[in-house]
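The block underneath contains the structure these notes are about, expressed in structure tokens.
The values are calculated or read from the model by the stated rules, or taken from the named source; none is laboratory data. All figures in this text were calculated on a predicted structure; none of them were measured in a lab. Glycine also receives a Cβ, built like all others from the backbone with ideal geometry; neighbour counts cover every protein chain displayed. Just the protein is used for accessible areas: all its heavy atoms, side chains included, with ligands, DNA and RNA removed. Shrake-Rupley method; radii C 1.70, N 1.55, O 1.52, S 1.80 Å.
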Amino acid sequence: MTPEPRWGMSRRVWLGAAAMLGAGGMAARPAARAAAAGPTLPSDAAAERVDFESKGIEGWTTVHGQWAVEDMPGAPSGRRVLTQRATANQFNVIVAPFGPYSDVDVSVKFKPIAGKEDASGGIVFRFTEGRYYVVRANALENNFRLYYYDRGRSQIASTETTPPVLGGWHTIRLLAVGDRLQAWLDGAAHLDKRHSKLALGKVGLWTKADSITAFDDLDIRGVVGGR
């Protein structure tokens, strides 16, 4: 009588299990690649870059807040940044003059400088008639969140993260294609949600409460006017 192999199962069962695992692995790889690829913008999407070096915020719309271009040592690009210093508003929003966009890919560098109630920075997108989406990070909280705003905030998605360092520069990126909204913090993908309240609007920047926050290197690629 032939003894069982030392690994505890017959050669036939072991080979069958290996074949099943191999087939499953081969099937999973293309699906994983497809999920990682995600939606993209057309190659001819309009592009805008703002580093605040040669131009201020002429043409921008301040919704709430005290926004101004200032000199700042250690700025990511050159020496000038956009800073928000109001501390008494619930939310502070400034809207860039570009767009409006439907599908859009936006990134910005932000530096939470100070704040006891909040020390945050965020990207506003699809801003229209006071309604907007915002993705934000807060140096006082270990979360990264996506909201819909219409005379009040509704949280769409949240995930736990390492808080941005107070006084350090960080990067938020947002990609909105159709109803799929994705967001990254410092290069790491964190949020992927579907929401269809807003389909078109402008891009802006955001802080909350007593946050004093600087912004630099705003990059926008988008489909203008939903074309």
query = In terms of the ratio Rg/(2.2 N^0.38 Å) built on C-alpha atoms, what value belongs to the stretch 70-227?
reply = 0.96
note = In nanometres, the difference between 0.36 nm per residue of separation and the alpha-carbon distance of ASP219 and GLU129 is 30.1 nm
LYS208 accessible area, 1.4 Å probe, all protein chains in place, Å² to nearest 10 = 50
inquiry  = Past the 17 angstrom mark, what percentage of all C-alpha to C-alpha distances in the stretch 75-115 do you count?
reply    = 49
inquiry  = Quick one: the Cα spread of the stretch 30-151 along its three principal axes, in angstroms, biggest first?
reply    = 48, 34, 34
ask   = Once the convex hull of the C-alpha atoms of the stretch 47-116 is built, how many Å³ does it hold per residue, rounded to a whole number?
value = 118
request  = Just the ratio, please: alpha-carbon radius of gyration of the stretch 79-163 over 2.2 N^0.38 Å, N its number of residues.
outcome  = 1.12
ask   = Top to bottom by accessible area (1.4 Å), largest first, where do ILE94, ILE156 land?
value = ILE156, ILE94
key: Residues of the stretch 198-227 with amide N under 19 Å of a point placed 7 Å along Cα→Cβ from SER54   = 216-221
inquiry  = So if each residue of separation counts as 0.36 nm, and I subtract the Cα-Cα distance between ASP210 and GLN66, what length gain in nm does that give?
reply    = 50.7 nm
message = Just the number please: accessible area per residue for the stretch 87-227, 1.4 Å probe, all protein chains included, in Å².
response = 39
